[in-house]
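All remarks here apply to the structure that follows.
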Amino acid sequence: MTELPCPNLKNLTHAQKDELILFLWEQNQQLMRRVAQLEQEVTQLKEQLSKNSRNSSKPPSSDGYGKPQPKSQRKKSGRSSGGQRGHKGQTLKQVEHPDQTEDHEVTHCSHCAADLSTHDSSEYEARQVFDLPEIQLQVTEHRAQIKRCPHCEGRTKAAFPIGVTQAVQYGQRIQAMSTYLSHYQLLPYQRLQELFQDLFNVSLSQGTLMRQLAKGHEHLEGFECSLKEQLKASDVVHFDESGLRVKTRLHWLHVASTDQLTYYHIDPKRGETAMQSMGILPDYRGYAVHDHWKSYYRFDCFHVLCNSHHLRELTFAEEQHQQRWAEKLRLCLLDAKEEVEQAKEKGRSALPKRRVTYFDRRYSRLLREGLGELPTVPIDPTKKRGRTKQHKAKNLHDRLRQHKKEVLAFLYDFTLPFDNNLAERDVRMIKVKQKISGCFRSERGAVMFCRIRSYISTAKKQQINVFQA
């Protein structure tokens, strides 16, 4: 900025002095507005830098090397780490009927070196080794007989087993293994090829792997339709969404899940259009657990909000903006959660009415007391239209006040969860897939992965062996 020389005031007339005053006043106003704008930007940048996985929705992987000190929201149980009293452990035990037995003979006495090769043993000590058999590819040739009828001279051929359609093809176990390793253990195609070559001496091309996965995707079409219907009929369903790269472009992975079912849907959109395309929420009338994404409220169902998100946001308001009401409300939610969990452990289906009233009133009282602490955002005089911008702490306060029923749903009804961790756990492994492979190279590949992974996750939740499934 060019510096202007200071004028000689003695040589200026009154009119010139007045003009100079007005010019400096206007310049001062511009500088004040600029300083306020810069201060706001600095505050926002500081807030971004201070956010981590403990006080926001950022994943732990984004913390980098400067990970925050652990500060769990859980209260200490007082119990030592590891297995607790009464816990049934598991260890390797000998089996009654081993697959094969190897006898090791005694030929000489270890004391006097006498020959014992012709003597029978009086007893033995057994040790068992559990190991994998040598893996060899097994080729089965199917021969369909062809016979000529002596009466009509017609030729009749026997039917091949279902699935045997080619002169040379891979069997179901290889197809199941490639699907399991690709979509459950999340191996990229190249590493999957190397594994088959090293362990089974089988050379699979990437085209063959793709065809096998496409076959699994087609077979699961009926499963997907049934899965959606079961989710629509469920009393409580968890919903979540997370960004996913497809052909280097941002798409959104949507998940709907219960403790027994999981459904994944990939879509270029995140909001209502994608949820309509997913085909569950438009017909759902139960309780939808989510993280307050506004698009969910456009569907006619009951809503339950994730309190894990609230705890992190309250922690941020407490640490970065010194909001004492946030700390008190966070402790209120944790106390209510602990009391509900203790009641469930004792086999109760609800808290006593007086305890529900206590937490309900305590929650409202803390929000009222916090009104005086809420910070304000300086008004931008240049902005002529739109809503006045509010501080993030004020937005959080408004949400907790306006959606009190959805926040405390776990307190009123024990069948409703405290958080949305179930859906977040279901999303987590898909994010791991993205970290390993970078992104999906085609939308078809992403859609195939979602359907097969829905089947795998559902089988896992129902205690079904994934490979057998």
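Observations, loosely collected:
- Selection status of Cys306, more than 14 Å from His397 (Cβ to Cβ) and crowded, with 19+ Cβ neighbours inside 10 Å: yes
- For region 268-287, filtering for residues that are buried (at least 22 other Cβ atoms within 10 Å of the Cβ) and not in a loop (DSSP other than H, G, I, E, B) leaves 2.
- Condition met for Gln260 (farther than 25 Å from Leu408 by Cβ, out of contact with any Phe, Trp or Tyr (no Cβ under 6 Å at 6 or more places or on another chain), of a type in the set (S, T, N, Q) and assigned to a loop (DSSP other than H, G, I, E, B)): yes
- Matching option when the condition is in a helix (DSSP H, G or I), of a type outside the set (Val, Ile, Thr) and more than 25 Å from Gln44 (Cβ to Cβ), among Lys394, Lys405: Lys405
- Yes/no for Pro98 being surrounded by 10 or more Cβ atoms within 10 Å (Cβ to Cβ) and at pLDDT 70 or above: yes
- Subset of region 184-211 (residues that are over 18 Å from Gly438 (Cβ atoms) and among the polar types (S, T, N, Q)): Gln197, Asn201, Ser203, Ser205, Thr208
- Boolean, Phe316 is open to solvent by 20 Å² or more (accessible area, probe 1.4 Å), of a type in the set (A, V, I, L, M, F, W, C), in contact with a helix residue (DSSP H, G or I) (Cβ under 9 Å, 6 or more places away or on another chain) and over 20 Å from Arg362 (Cβ atoms): no
- Region 336-355 residues that are acidic (Asp, Glu), paired with ones that are assigned to a helix (DSSP H, G or I) and at pLDDT 95 or above (beta carbon under 8 Å, 6 or more apart): Glu339/Arg355; Glu339/Phe359
- Residue within region 294-303 that is on the phi > 0 side of the Ramachandran plot, open to solvent by 10 Å² or more (accessible area, probe 1.4 Å) and modelled with pLDDT under 95 present: no
- Complete set of residues in region 118-137 that are modelled with pLDDT of 90 or more and either hydroxyl-bearing (Ser, Thr, Tyr) or open to solvent by less than 100 Å² (accessible area, probe 1.4 Å) (or both): Ala126, Gln128
- Residue check for Tyr124: among the aromatic types (Phe, Trp, Tyr), touching a helix residue (DSSP H, G or I) at 6+ places or on another chain (Cβ under 8 Å) and assigned to a loop (DSSP other than H, G, I, E, B): no
- Looking across region 223-245, the residues that are more than 19 Å from His183 (Cα to Cα) and not hydrophobic (A, V, I, L, M, F, W, C) come down to Ser226, Lys228, Glu229, Gln230, Lys232, Ser234, Asp235, His238, Asp240, Glu241.
One line per residue, one yes/no per condition, for (1) surrounded by 10 or more Cβ atoms within 10 Å (Cβ to Cβ); (2) in contact (Cβ under 8 Å) with a residue 40 or more places away in the chain; (3) among the hydroxyl-bearing types (Ser, Thr, Tyr):
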| residue | (1), (2), (3) |
| --- | --- |
| Asn8 | no, no, no |
| Leu12 | yes, no, no |
| Glu19 | yes, no, no |
| Leu22 | yes, no, no |
| Gln29 | yes, no, no |
| Arg33 | yes, yes, no |
| Gln40 | yes, yes, no |
| Leu49 | no, no, no |
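- When Asn201 is tested against (1) touching a residue at least 24 places away in the same chain (Cβ under 8 Å); (2) surrounded by 11 or more Cβ atoms within 10 Å (Cβ to Cβ), just one condition goes unmet, and that condition is (2).
- Criterion applied to Arg348, Arg365 was being open to solvent by 30 Å² or more (accessible area, probe 1.4 Å), in a helix (DSSP H, G or I) and among the charged types (D, E, K, R), and the one residue passing it is Arg365.
- Considering residues of region 138-153 that are out of contact with any strand residue (DSSP E or B) (no Cβ under 9 Å at 6 or more places or on another chain) and either open to solvent by less than 100 Å² (accessible area, probe 1.4 Å) or not in a loop (DSSP other than H, G, I, E, B) (or both) only, the residue farthest from Arg173 (Cα to Cα): Cys152
- Residues in region 154-192 that are within 16 Å of Asn465 (Cα to Cα) and either open to solvent by 100 Å² or more (accessible area, probe 1.4 Å) or modelled with pLDDT under 90 (or both): Gln172, Arg173.
- Test set (1) surrounded by fewer than 17 Cβ atoms within 10 Å (Cβ to Cβ); (2) touching a His at 6+ places or on another chain (Cβ under 9 Å); (3) in contact (Cβ under 8 Å) with a residue 12 or more places away in the chain - Lys405 fails condition number: (3)
- Residues being under 14 Å from Tyr264 (Cβ atoms) and assigned to a helix (DSSP H, G or I) - total across region 433-442: 2
The values are calculated or read from the model by the stated rules, or taken from the named source; none is laboratory data. It should be emphasised that the depicted structure is a prediction, and the values quoted were computed from it without experimental measurement. Reconstructed Cβ throughout: ideal geometry from the backbone, glycine too, with neighbour counts over all protein chains shown. Note: accessible area is taken over every heavy atom of the protein model, side chains too, but ligands, DNA and RNA are not part of it. Shrake-Rupley method; radii C 1.70, N 1.55, O 1.52, S 1.80 Å.
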